[in-house]
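Reviewing the structure listed below.
The values are calculated or read from the model by the stated rules, or taken from the named source; none is laboratory data. Keep in mind that what you see is a predicted model, and the values were worked out from it rather than measured. Using ideal geometry, Cβ is built from the backbone for each residue, glycine included, and neighbour counts are taken over all protein chains shown.
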Amino acid sequence: MPRVPPLPTLHATHAGVWLTDGTGQAREATRGEAVAQAAETPHIVLNAPLVGQRLGYPELSGLDLLELFAFVHPARFAVPTVAGLCDSVGIEPPSGDAAAAAVLGQIAEALLATLSDSAWTQREGAWTSNATLHRLGWGWAPLVGARIERPERGERMLFSRLRQWEEAAERPPPRPLIVQPDAATRKLDRLTGRAEPREGQRAMAAAVANVFAPKRDRHAPNLLLAEAGTGIGKTLAYLAPASLWADEAGGTVWVSTFTKALQRQLDGEGPKLFANPEERARRIVVRKGRENYLCLLNLEDALQGSFSGRPAILAQLVGRWAAYTRDGDMVGGDLPGWLPTLFRRAGSTALTDRRGECVYAGCPHYRRCFIERAERASREADIVIANHALVMVNAARAREDAPGRILFDEGHHLFDAADSTFSVVFGGQEAIEMRRWIVGPEGRSRGRRRGLAARLMDVASYDEEGARALDAAVEAARALPSEGWLQRLIEGAPFGSIEAFLLEVRGTVYARAKAQEAGYGLETELASADGPLVSRAADAMKTLEALQKPLAALSRRLEAVVEDAPDWLDSQARARVEGALRGLAWRRETLNAWIALVARVGGEADPEFVDWLAVDRADGREFDVAVHRRWLDPTKPLAAAVIAPADGVLVTSATLRGGEGWTAAEARTGALHIGGVAQHFEAESPFDYASCAEVLIVTDVRQGDIASLAGAYARLIEAAKGGTLGLFTAVQRLKAVHARIADRLARAGLPLLAQHVDPMDAGTLVDIFRADPHASLLGTDALRDGVDVPGESLRLAVMERVPWPRPTVLHAARRMAGGGSAYDDRVVRARLAQAFGRLIRREGDCGTFVILSAAMPSRLLSAFPSGVAIHRVPLDVAIARVESRQAFNPQRQAEAVE
């Protein structure tokens, strides 16, 4: 079999740059030399954006091995590192950076050899896709084309290869059933297969069984709050009674998480419940919001030419993936998280339905739609693995698939999820999205069946009254902000009443903002509004009301059309009208909320809400101007819309109480607003924290001194020999520390990854971190919770300071209502408990938790598990203790013996 032509390779890390000329001999080079050679001749690289960043040459292009892997193995994950790809193709990983540069060509050979392998199962569609990629100038296309034989007959089009979902009769309601605690524990024993089951896990399974009893009070579900320490095995503890009830009662249980990582973990437990893959696919369904799934209409548009340049190549690779994906989930599913980051990010988001533009049955791919398939599959499933946001949105909109039995894992996040779900924002970005949904894309944008007029052509053609309402709605929507609105505000030349109102909002914020807030988003409380702001708010409210009226008239007319069912209303037209009705209901609710919020300007404050004005900025650049409204206590709408209507609800977490009592847990979960009494369950972690972990509070690192902070991080990571998760409260400090220590650590063989620095999503960074015990990872809030990295890959966690909440308008209001400094303490305890929870994940894990702040108050130390040793020490002592723990880590010693 012919080998890959002798192509040069380029490998770059923080430790240096290496080149080969295709002979397999690697040599170290300067950044300038590497840039010059890469610009002249295409090189084989791995993750071109990352290599380009390390070279200081963001426009670097070449033959990216990750793109080739995505073509050859669509819907298959690989850790996007040299070692990760070596493992995927069966090559011995290299021992150093020079060897890594040489092995890149071998990886390419192995991937290209797969194309000629008769056992390659992703052959269909590859020749056609590669022919298009060749026309688009994809560097790998000539090499791929030489390995793929042209099929004798034309290949089926992508969309014809996707399976269709089928309609099914409505599922009957579940039978009233009591799950006996002993039946739940027997089911748990079968799932775990343990000779010596954990008593805490069995006790939890028995307690959760009560959640599935018939509802006793129509205003209150069977509600259980359960704090199960890390290591209890709470996932199987609640899946055991849940699967038992679903099977015997014929109902569906929704398991809701906050992070995609836990969704994947839950899905991974599926084989224990249902060994047969086909049965498992039918009885366990993963559900997410629409914006997570590939939109086939958007993909068709991209494949037909709406994408150009690099995004067009991404569209072809996503098309390859679409034919083999399990469920079409682009965010956390089987599309590798690193693939979109190789291209312009907008290309990926444009392939999902992020603007609510779905035309439902008006789409030619409706019967193959991944979103519709997932919705229908969830109606027949035993277990639906969803997320907090989707569960709340479905319940709040009174959806027919709003769940009756809900198990909220990561329950300490319910407050934050509800805070986001039940919020109201009226600003330029939201208004222009409303305009696009009604009017459709304008200017040079391709409308293709977008906008209300395009979707409701049937109504406009056959129903005169409906046509008038539709025309009036489109005309009224043209008064909303359009493209270029933000620049007009900056120039002081607004168009229309709403832009004029936002101009006054912007001026008020800048007038009241503090100088030290420069560079960040700016905000000010909505109070003591001056005359111009009140006047402009009144004009904006009239514009919104003028839009609300024709939308209401159109809704009434569409309802009448569906009810009367005229001859022209065939099944597709009906589905299109019903889809428009659902969208109209949502937008009308949004308009009502906007009108109420704008009416608040100059009026009396509502004690239930916190309102403020904001100029949203990123890196000092404005991207939105808005008025915000949040519930002072978002668990009130959570309780009313989600928990109270349900039949049974479990809320569980390892840190549900946050180091406090059950009253705090009830306040954070909405249980206080439910009639009846919530049941409580508690099981302490089985881990011996006294012997496997300690907390060190470093007393001699000066706050605000970046050099000292960076030096402390570098020395601690060196002492631990990698395996460190560094947590920051500010992106700027993270970037500054990373810039100072990344090269130093890399030269010691300790790779340093960083969120907000490396051009990869957080999930991919965690995957790389997990796979390499010598790597370390710096991150912010997203990595403080939901990161599951057991074993040697995470043995040291470092927080750069006490994670006090940022002093925003919203925080100030909740702090006042929540007891002042006591409220801040509750927030910090919860964050510390979540961060410490990353360290000890499985039996045998050992590690050290370090806080680089002498100002750590002793009253907050109750956040850590009982028994864990806590010491205040200088940095030198902390480093010595970290080194000592690595030397005497039982797990490391056992691995060395093996």
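Give me the pairs, please: first residue somewhere in region 361-383 and under 19 Å from residue 405 (Cα atoms), second residue anywhere and at pLDDT 90 or above and in a helix (DSSP H, G or I), beta-carbon distance under 6 Å, and either six or more positions apart or on two chains.
381/283; 382/246; 382/283
Among what's in region 535-558 and is within 16 Å of residue 582 (Cα to Cα) and of a type in the set (D, E, K, R), pick the residue that is modelled with the lowest pLDDT.
Going through the qualifying residues, I end up with 557.
List every residue pair whose Cβ atoms sit under 8 Å apart, with the two residues 6 or more apart in sequence or on different chains, where the first one lies in region 103-116 and is acidic (Asp, Glu) and the second, anywhere, is at pLDDT below 95 and surrounded by fewer than 22 Cβ atoms within 10 Å (Cβ to Cβ).
109/3; 109/4
Considering only region 98-112, how many residues are in contact with a Ser or Thr (Cβ under 6 Å, 6 or more places away or on another chain) and farther than 15 Å from residue 63 by Cβ?
Going residue by residue through region 98-112, those that are in contact with a Ser or Thr (Cβ under 6 Å, 6 or more places away or on another chain) are 101-102, 104-105.
This time we only want the ones that are farther than 15 Å from residue 63 by Cβ, so: 102.
Count: 1.
Quick one: is residue 146 over 31 Å from the mean Cα position of the chain (by Cα) and aliphatic (A, V, I, L, M)?
Numbers: over 31 Å from the mean Cα position of the chain (by Cα): yes; aliphatic (A, V, I, L, M): yes.
The answer is yes for residue 146.
Just checking: which of the helices (runs of 4 or more DSSP H) contained wholly in region 279-397 hold 2 or more residues that are more than 16 Å from the chain's Cα centre (by Cα) and closer than 21 Å to residue 767 by Cβ? Spell out how you get there, then give the answer.
Details: elements: 296-301, 310-322, 338-341, 345-349, 370-380, 388-396.
The qualifying helices (runs of 4 or more DSSP H) are 310-322.
Going through 480, 456, 486 one at a time, which residue ends up being under 26 Å from residue 809 (Cα atoms) and either surrounded by fewer than 15 Cβ atoms within 10 Å (Cβ to Cβ) or of a type in the set (A, V, I, L, M) (or both)? If you could, list the steps in order and put the result at the bottom.
Numbers: 480 fails: under 26 Å from residue 809 (Cα atoms); 456 fails: under 26 Å from residue 809 (Cα atoms).
Answer to the check: 486.
Looking at 632, 613, can you tell me which residue is among the aliphatic types (A, V, I, L, M), more than 26 Å from the chain's Cα centre (by Cα) and at pLDDT 90 or above?
Selected residue: 613, the only one of 632, 613 that is among the aliphatic types (A, V, I, L, M), more than 26 Å from the chain's Cα centre (by Cα) and at pLDDT 90 or above.
Six or more apart or on different chains, Cβ atoms under 8 Å: show the pairs whose first residue is in region 269-291 and more than 20 Å from residue 235 (Cβ to Cβ) and whose second is in a loop (DSSP other than H, G, I, E, B).
282/381; 290/353; 290/356; 290/358; 291/331; 291/353; 291/354
Among the listed residues 600, 621, identify the single one that is surrounded by fewer than 20 Cβ atoms within 10 Å (Cβ to Cβ) and either within 30 Å of residue 651 (Cα to Cα) or in contact with a strand residue (DSSP E or B) (Cβ under 7 Å, 6 or more places away or on another chain) (or both).
Details: 621 fails: either within 30 Å of residue 651 (Cα to Cα) or in contact with a strand residue (DSSP E or B) (Cβ under 7 Å, 6 or more places away or on another chain) (or both).
Among 600, 621, only 600 is surrounded by fewer than 20 Cβ atoms within 10 Å (Cβ to Cβ) and either within 30 Å of residue 651 (Cα to Cα) or in contact with a strand residue (DSSP E or B) (Cβ under 7 Å, 6 or more places away or on another chain) (or both).
Could you check, for region 825-835, whether at least one of its residues is in the same structural domain as residue 775 (by TED's automatic domain parsing), within 25 Å of residue 772 (Cα to Cα) and either modelled with pLDDT of 90 or more or crowded, with 17+ Cβ neighbours inside 10 Å (or both)? So that I can check it myself, show each step before the final result.
Here is the first cut: in region 825-835, the residues in the same structural domain as residue 775 (by TED's automatic domain parsing) are 825-835.
Narrowing further to those that are within 25 Å of residue 772 (Cα to Cα): 834-835.
Next cut, either modelled with pLDDT of 90 or more or crowded, with 17+ Cβ neighbours inside 10 Å (or both) only: 834-835.
The answer is yes; a qualifying residue exists.
So that you can scan it fast, the table gives a plain yes or no per residue for (1) buried (at least 17 other Cβ atoms within 10 Å of the Cβ); (2) at pLDDT 90 or above; (3) hydroxyl-bearing (Ser, Thr, Tyr):
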| site | (1), (2), (3) |
| --- | --- |
| 822 | no, yes, no |
| 838 | yes, no, no |
| 869 | no, yes, no |
| 894 | no, no, no |
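Please work out which one of (1) at pLDDT 95 or above; (2) over 22 Å from residue 686 (Cα atoms); (3) out of contact with any strand residue (DSSP E or B) (no Cβ under 6 Å at 6 or more places or on another chain); (4) buried (at least 19 other Cβ atoms within 10 Å of the Cβ) is the condition residue 220 fails and give its number.
(1)
Looking only at residues in region 516-557 that are free of Cβ contacts under 8 Å to residues at least 40 places away in the same chain and among the hydroxyl-bearing types (Ser, Thr, Tyr), which one is surrounded by the fewest Cβ atoms within 10 Å (Cβ to Cβ)?
The extreme case among them is 528.
Within region 558-584, can you find the residues that are among the basic types (Lys, Arg) and crowded, with 20+ Cβ neighbours inside 10 Å? Working first, answer last.
Keep residues of region 558-584 that are among the basic types (Lys, Arg), which gives 574, 576, 582.
Residue satisfying the conditions is 576 alone.
Among the listed residues 88, 61, which satisfies the condition of being among the hydroxyl-bearing types (Ser, Thr, Tyr), surrounded by fewer than 20 Cβ atoms within 10 Å (Cβ to Cβ), touching a residue at least 24 places away in the same chain (Cβ under 8 Å) and within 18 Å of residue 339 (Cα to Cα)? Quick ask: steps written out before the conclusion?
Numbers: 88 fails: touching a residue at least 24 places away in the same chain (Cβ under 8 Å).
Just one listed residue meets the conditions, 61.
Select, from 286, 318, the only residue that is touching a Pro at 6+ places or on another chain (Cβ under 9 Å) and at pLDDT 90 or above.
Values: 286 fails: touching a Pro at 6+ places or on another chain (Cβ under 9 Å).
On inspection, the qualifying residue turns out to be 318.
Of all strands (runs of 3 or more DSSP E) completely enclosed by region 774-870, which ones contain at least 2 residues that are of a type in the set (Asp, Glu)?
On the way: elements: 776-779, 796-799, 847-851.
Those strands (runs of 3 or more DSSP E) do not exist here; none qualify.
Restricting to region 736-777, give me the number of residues that are of a type in the set (Lys, Arg) and modelled with pLDDT of 95 or more. Break it down stepwise before answering.
Within region 736-777, the subset of a type in the set (Lys, Arg) is 740, 744, 747, 770.
Remaining after also requiring modelled with pLDDT of 95 or more: 740, 744.
Going through region 736-777 one residue at a time, the tally reaches 2.
Output the residue which, of all residues in region 225-278 that are assigned to a helix (DSSP H, G or I) and among the acidic types (Asp, Glu), is nearest to residue 331 (Cα to Cα).
First pass over region 225-278, keeping only residues assigned to a helix (DSSP H, G or I): 234-249, 260-268, 270-273, 277-278.
Going one step further and asking which of them are among the acidic types (Asp, Glu), we end up with 247-248, 267, 278.
Details: 247: 30, 248: 33, 267: 15, 278: 23 Å.
Taking the candidates together, the pick is 267.
Quick check: is even one residue across region 494-505 touching a helix residue (DSSP H, G or I) at 6+ places or on another chain (Cβ under 8 Å), surrounded by 15 or more Cβ atoms within 10 Å (Cβ to Cβ) and more than 26 Å from residue 630 (Cα to Cα)? Steps first, answer last, please.
First, the residues of region 494-505 that are touching a helix residue (DSSP H, G or I) at 6+ places or on another chain (Cβ under 8 Å): 494-505.
Now drop any that are not surrounded by 15 or more Cβ atoms within 10 Å (Cβ to Cβ), which leaves 494, 496-505.
From what is left, the residues that are more than 26 Å from residue 630 (Cα to Cα) are 494, 496.
Yes, region 494-505 contains at least one residue that is touching a helix residue (DSSP H, G or I) at 6+ places or on another chain (Cβ under 8 Å), surrounded by 15 or more Cβ atoms within 10 Å (Cβ to Cβ) and more than 26 Å from residue 630 (Cα to Cα).
Being in contact (Cβ under 8 Å) with a residue 60 or more places away in the chain, in a loop (DSSP other than H, G, I, E, B), over 24 Å from residue 17 (Cβ atoms) and in contact with a strand residue (DSSP E or B) (Cβ under 9 Å, 6 or more places away or on another chain) narrows it down to one residue among 74, 174; which is it? Before the answer, list the steps.
On the way: 74 fails: in contact with a strand residue (DSSP E or B) (Cβ under 9 Å, 6 or more places away or on another chain).
One residue alone meets the criteria, 174.
Quickly run through region 200-240 and pick out the residues that are among the basic types (Lys, Arg) and either in contact with a helix residue (DSSP H, G or I) (Cβ under 7 Å, 6 or more places away or on another chain) or within 18 Å of residue 265 (Cβ to Cβ) (or both). So that I can check it myself, show each step before the final result.
To start, the set of residues in region 200-240 that are among the basic types (Lys, Arg) comprises 202, 215-216, 218, 234.
Hits for region 200-240 are 202, 234.
Which of the residues that make up region 128-165 are in contact (Cβ under 8 Å) with a residue 12 or more places away in the chain and outside any loop (DSSP other than H, G, I, E, B)?
Selection gives 128, 129, 130, 131, 132, 133, 143, 144, 145, 158, 159, 161.
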